[in-house]
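A quick write-up on the structure given underneath.
The values are calculated or read from the model by the stated rules, or taken from the named source; none is laboratory data. Keep in mind that what you see is a predicted model, and the values were worked out from it rather than measured. No Cβ is skipped: glycine too gets one built from the backbone with ideal geometry, and neighbour counts run over all protein chains shown. Calculation scope for accessible area: heavy atoms of the full protein, side chains included, ligands and nucleic acids excluded. Shrake-Rupley method; radii C 1.70, N 1.55, O 1.52, S 1.80 Å.
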Amino acid sequence: MAEMLTDLLQNIYKRIAQLGQAIQELKTSLDGLNLNIEEKISNLTAKLEEFSNEINVTQTKHIDVVKEIGAGTTTELKLIQEGLGLDALKNLIKKLEDFSKLSESVLNQETVNLLLSEAIDSVKSLKESIKEEEVVE
C-alpha cells in the first residue's frame, strides 16, 4: 500500500521534473533561434557595408543612383532587423510567460494537494476492495 503511494508520488515528481526540463529545452531553443537571427542580420549588414565600400571605390557616372539603392537597402535592412528582433523577443517573452503559468499551475499547492488526495482516495478504495474480497472468501 505504502509502495503504491510512493510510486504515485515519484510519478508526480517525475512529471514535474519533465516539465522543468521541457522549459529549459525551450529556452535553449529560443536562445539558439535569437542567435541565428542575429548572425544572419550581421552577415547581411557586413555584406551591405562591403557593397557600399565598392561603390565608393568605383566612382562611375552611375554612382549616385547606386548610392540611393544602397541607402534604401540599408534602411529596409534596418527595418527588417528591428522587426525580427522585436518579434523574436515578444515571442520569447510570450512562450516563457505561458510556461511560467503552466509550471505555476502544476506546482501550485492546490494541484499537489489534489493529486495527493486522489492518491489517498485510490489507496483507500483499493484497501476496501481487498477487505471485501477477504470477507467474500
query = Tell me, which residue of segment 110-131 that is over 36 Å from the mean Cα position of the chain (by Cα) and open to solvent by less than 50 Å² (accessible area, probe 1.4 Å) is modelled with the lowest pLDDT?
reply = 129
message = Contact list please: Cβ distance under 9 Å, first residue in segment 21-34 and free of Cβ contacts under 8 Å to residues at least 24 places away in the same chain, second residue open to solvent by less than 40 Å² (accessible area, probe 1.4 Å) and part of a helix (DSSP H, G or I), pairs at least six apart or on different chains.
response = 31/92
